[in-house]
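J.: Pasting in a structure now, in structure tokens, and then I'll have a few things to ask.
The values are calculated or read from the model by the stated rules, or taken from the named source; none is laboratory data. These figures come from a predicted structure and were not determined experimentally. Methodologically, a virtual Cβ is constructed for each residue, glycine included, from the backbone with ideal geometry; neighbour enumeration extends over all protein chains shown.
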Amino acid sequence: MGDTVGVGVIDIIVFVIFVVVVIGIGLWQSRGEEIHGEHGTRDYFLAGRGLTWWLVGFSLIAANISTEQFVGMSGKAADFRIVGLDTGTVRPGLEKSTYRNRRAECDEFSELLGPEFGISCLADVRSRDVYDRILDAYIETHPDHCDRLTYIFHAQQRFATMLAAWKAGDVETVGRVFRKDGIGLRDEYKISGPELETMCDIARTVPGVLGERMLGGGDKGAAGALVRADSVGALESAIRTGYPRSHPAFADDYAVHVCKVVEGITTLDQVL
């Protein structure tokens, strides 16, 4: 177990001094003011209408970011599993994968767009205006390249949304973004494979699966899913029933791996 930190005498003294100072400031500031009736109620809830907008904003943020955010939301986030759906297929390696071809297409398109739009890679396209101008100019002559750009443009926006959702413990939003990104990899980046999409299609039918998508470099390998803890059994059953029927050649090779969310890095005493 890790080291435990107790509350010392100095901690208690500092806490008491802080409380006394806060109460003292409040009493000093309120001297001579009416504390009963309508006037006192207005002062209590509206601070006598004497606060500036930015102080009110800070007060609202401080009130909303509380122990509930860090403890309650974390508890909510813990009630799910990350499930690996191994298709049993043989991975070709990145040097022989579709990913390599897609990367070459992206580099080719960014070189074409660079002089006109001032970008060095497709990830530099961050504004909607630039994105729309590129599509208007090249959708007819370079439809596949525009699909790659479409995926990258929206994937960057999805990443910001997912990061914020993780921090907030909003696993449902994480799952929705995870799913949407997988559909983009399938339809826009066009990097997935039939076995991977079968796994995703099956997972999508199971209540409690929050999101699913292919993993890795595409073509073959594994998909992944975010699943409510109490729905893992239903997902495993659905995979056992559906996947061998769709891909009998891999009926003995596929696997489902369930990963539980744990505490993370912990210091182990007397080990190192």
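J.: With the structure loaded, tell me whether TYR131 is aromatic (Phe, Trp, Tyr) and crowded, with 18+ Cβ neighbours inside 10 Å or whether it fails that test.
T.: Numbers: aromatic (Phe, Trp, Tyr): yes; crowded, with 18+ Cβ neighbours inside 10 Å: yes.
So TYR131 fits the description; yes.
J.: Moving on to the next point. Please work out which residue is farthest from the chain's Cα centre (by Cα), limiting yourself to the stretch 205-233 and to residues that are acidic (Asp, Glu) and closer than 15 Å to GLU172 by Cα. Working first, answer last.
T.: Step one: filter the stretch 205-233 for residues acidic (Asp, Glu), giving 212, 219, 230.
Narrowing the set further to residues that are closer than 15 Å to GLU172 by Cα leaves 212, 230.
Working: GLU212: 13, ASP230: 21 Å.
The residue in question is ASP230.
J.: Does the stretch 241-264 hold any residues that are β-branched (Val, Ile, Thr) and exposed (fewer than 13 other Cβ atoms within 10 Å of the Cβ), and which are they? Quick ask: steps written out before the conclusion?
T.: Let us first name the residues in the stretch 241-264 that are β-branched (Val, Ile, Thr), namely 241, 256, 258, 261-262.
Residues satisfying the conditions are THR241, VAL262.
J.: Something else now. What are the residues in the stretch 209-235 that are buried (at least 17 other Cβ atoms within 10 Å of the Cβ), over 14 Å from VAL256 (Cα atoms) and either without any contact (Cβ under 8 Å) to a residue 12 or more places away in the chain or not aliphatic (A, V, I, L, M) (or both), if any?
T.: Across the stretch 209-235, the qualifying residues are GLY211, ARG213, GLY217, GLY218, ASP219, LYS220, ARG228.
J.: From the list CYS106, CYS146, pick out the single residue that is closer than 18 Å to ILE191 by Cα and without any contact (Cβ under 8 Å) to a residue 40 or more places away in the chain. Spell out the reasoning first.
T.: On the way: CYS106 fails: without any contact (Cβ under 8 Å) to a residue 40 or more places away in the chain.
Answer to the check: CYS146.
J.: In the stretch 187-203, which residue that is more than 19 Å from VAL90 (Cα to Cα) and part of a helix (DSSP H, G or I) is nearest to the chain's Cα centre (by Cα)?
T.: The selected residue is ALA203.
J.: For the stretch 208-225, indicate whether the set of residues that are of a type in the set (A, V, I, L, M, F, W, C), part of a helix (DSSP H, G or I), more than 30 Å from ARG128 (Cβ to Cβ) and modelled with pLDDT of 95 or more is non-empty. Walk me through it before giving the result.
T.: If we filter the stretch 208-225 for residues that are of a type in the set (A, V, I, L, M, F, W, C), which is where we start, we get 209-210, 214-215, 222-223, 225.
Next cut, part of a helix (DSSP H, G or I) only: none.
No; the residues of the stretch 208-225 include none that is of a type in the set (A, V, I, L, M, F, W, C), part of a helix (DSSP H, G or I), more than 30 Å from ARG128 (Cβ to Cβ) and modelled with pLDDT of 95 or more.
J.: Now a separate question. Residues being surrounded by fewer than 12 Cβ atoms within 10 Å (Cβ to Cβ) and either modelled with pLDDT of 90 or more or part of a helix (DSSP H, G or I) (or both): count how many of those fall in the stretch 62-73.
T.: Pass one, the stretch 62-73, residues surrounded by fewer than 12 Cβ atoms within 10 Å (Cβ to Cβ): 62-68, 70-71.
Then keep just the ones that are either modelled with pLDDT of 90 or more or part of a helix (DSSP H, G or I) (or both); that gives 62-64, 67-68, 70-71.
Result for the stretch 62-73: 7.
J.: Among residues belonging to the stretch 79-115 that are part of a loop (DSSP other than H, G, I, E, B) and loosely packed, with under 15 Cβ neighbours inside 10 Å, point out the one that is modelled with the highest pLDDT. Give the steps one after another, and end with the answer.
T.: So in the stretch 79-115, the residues part of a loop (DSSP other than H, G, I, E, B) come out as 79, 87-93, 97.
Those still in the list that are loosely packed, with under 15 Cβ neighbours inside 10 Å too: 79, 90, 93.
Values: ASP79: 85, VAL90: 88, GLY93: 77.
By that ranking, first place goes to VAL90.
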